[in-house]
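Here the structure is laid out as structure tokens; the discussion comes afterwards.
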Amino acid sequence: MPWYWVNQGQHQAAEVELGVISAPVPKDRTVAHWELDRIPVGSRLFGCAHRVVSIVGTTSARAERRPSKPYPDPQGYRDVWVVAVDWEALGDPFRVDDIPLSVRAGHAPFNRHGDGLQQYCIELPLLGPVRAWLAARLPA
């Protein structure tokens, strides 16, 4: 199953409370990191807020297109994609800086300098070093 890194920032608490991730349905252009309708059921999500990964979740349904209220920050968009997620606290939260620079640099969800991409939801390649590092941090 695919794994995704979700940059939730200030919306993490609301998304956990609602049991979702959500993103605007673009009005006039495609924004790849908002295309939540491409995420399969059973996908693993790592929620990052303020450079700390403290939650992990599994999608339990395909994305639905819904009116923007009550989902976080629709930024004037009429509709949002909403994906149901079963969130749980990560037993051992970690900071982004805990991931070695050699693992981060140039590998999703980071740029070539090891800084986070300014995107909401980024798929982690199956054989990528970030995914391998995350897998080693999960309980058996």
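The values are calculated or read from the model by the stated rules, or taken from the named source; none is laboratory data. Because the structure is predicted, anything quoted here is derived from the model rather than measured. FYI the Cβ positions are ideal-geometry reconstructions off the backbone, even for glycines, and counts take in every protein chain you see.
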Read through the list (1) loosely packed, with under 15 Cβ neighbours inside 10 Å; (2) touching a strand residue (DSSP E or B) at 6+ places or on another chain (Cβ under 6 Å); (3) without any contact (Cβ under 8 Å) to a residue 60 or more places away in the chain, then give the number of the only condition that His113 fails. (2)
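Per-residue answers, yes or no, for (1) in contact with a strand residue (DSSP E or B) (Cβ under 9 Å, 6 or more places away or on another chain); (2) assigned to a strand (DSSP E or B); (3) surrounded by fewer than 19 Cβ atoms within 10 Å (Cβ to Cβ); (4) at pLDDT 95 or above:
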residue	(1), (2), (3), (4)
Gly42	yes, no, yes, yes
Gly47	yes, yes, no, yes
Val53	yes, yes, no, yes
Thr58	yes, yes, yes, yes
Arg66	yes, yes, yes, no
Tyr71	yes, no, no, no
Gly76	yes, no, yes, no
Asp86	yes, yes, yes, yes
Consider Ala105 carefully, then state whether it is modelled with pLDDT of 95 or more, among the aliphatic types (A, V, I, L, M), farther than 21 Å from Ala13 by Cα and surrounded by 11 or more Cβ atoms within 10 Å (Cβ to Cβ). yes
Identify, please: which residue in region 116-140 is touching a Pro at 6+ places or on another chain (Cβ under 6 Å) and among the hydrophobic types (A, V, I, L, M, F, W, C) and is, among those, surrounded by the fewest Cβ atoms within 10 Å (Cβ to Cβ)? Leu117
Residue within region 94-102 that is within 28 Å of Asp37 (Cβ to Cβ) and at pLDDT 95 or above present: yes
Failed item, numbered, when Gln8 is tested on (1) touching a helix residue (DSSP H, G or I) at 6+ places or on another chain (Cβ under 7 Å); (2) modelled with pLDDT of 95 or more; (3) among the polar types (S, T, N, Q): (2)
